[in-house]
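No lab work stands behind these numbers, since they all come straight from the coordinates. Owing to the predicted nature of the structure, the values given are computational and were not obtained by experimental measurement.
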Amino acid sequence: MIRAALFPLLLAIQFLTRLPVSPAIPPLDAEQLKAGLGRSVLWFPVVGGIIGCIGGLVLWGAGLFWPRIVAVLMMLIVEARLTGAFHEDAVADFCDGFGGGLTAERIREIMKDSRIGSYGALGLMLAIGLRAALLIVLPAALLIPAMVASAAFGRWVAVLAMTMLPPLDQHGGLAKDIGQRPGPATLAGATLLTLPFLAPLAAIAPAALMVGIGCILLFLLWFRQSLMRHLGGVTGDCLGFAVYAGQLILLLCASAQWPTP
């Protein structure tokens with residue numbers, strides 16, 4: 001009974017990380033896997049929060065011995081190992097596809113290509129560099145709360161994006177594997193599960209969090225319009241890009257030096 005209740009969470013952990021949960025998941029056929037992944041979307045923010053907590057622990061521990069810049073780089077290394085650079089790969093594919101493709105077919109073809117091009121390399125370098133810079137300049141009191149909040153928030157952004165856009169079956173990845181858009185109940189549940197990970201940041205910097213939520217909603221409106229115009233739907237790489245964008249937007253708002261009257 002307990003294992004059945006935790007099954008969607010275990011699938012979400014297996015899908016988004018390299019944590020060894022496979023022994024706890026029974027063998028599944030294709031239809032069972034698709035159904036399980038559909039239910040696991042609810043837990044994406046929780047998995048993001050777990051990743052953020054592990055990253056925060058690395059930041060705290062490394063910060064006891066080394067300067068902030070070293071601690072941040074060590075955290076990024078651990079996180080890449082923990083997630084298999086899952087979303088970073090999506091960022092590179094997204095930048096390659098939309099940088100080099102002029103038609104929907106060509107964009108999807110480029111995103112499927114495992115090779116990285118100049119747009120992907122540049123986009124990935126800038127995305128990781130910006131995230132590292134933001135974590136380096138954050139005030140000490142905000143560092144771990146912002147790290148945890150952004151990790152959960154970014155995965156919630158993917159859930160919201162999935163509810164706003166139809167999946168493209170022609171392209172592999174999460175959008176195809178799930179096969180259908182999450183409903184309002186899934187989005188509401190994912191939102192509630194995100195809140196505990198946002199609470200520490202909300203207690204310290206509520207204005208920054210509210211501005212971040214507003215900015216990500218504006219980003220998603222543009223994102224939806226752009227994807228519908230260029231692709232007609234969403235792919236797994238697009239969702240991964242949305243995750244990373246959500247993290248960056250929240251970190252940008254948390255680290256901003258707001259003018260005072």
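Annotation: extensible slack from Leu221 through Val21 equals 68.5 nm (criterion: 0.36 nm per residue apart, minus Cα-Cα distance). Can you bin segment 61-162 into rounded, prolate or oblate? Criterion: square roots of the alpha carbon gyration tensor eigenvalues sorted a ≥ b ≥ c, rounded for a/c under 1.5, prolate for a/b above b/c, oblate for the rest. The shape class here is prolate.
Here the sum of -39500 (n - 2.57) over DSSP H runs of 4 or more residues, divided by the residues of the chain, equals -26000 deg cm²/dmol at 222 nm, to the nearest 500.
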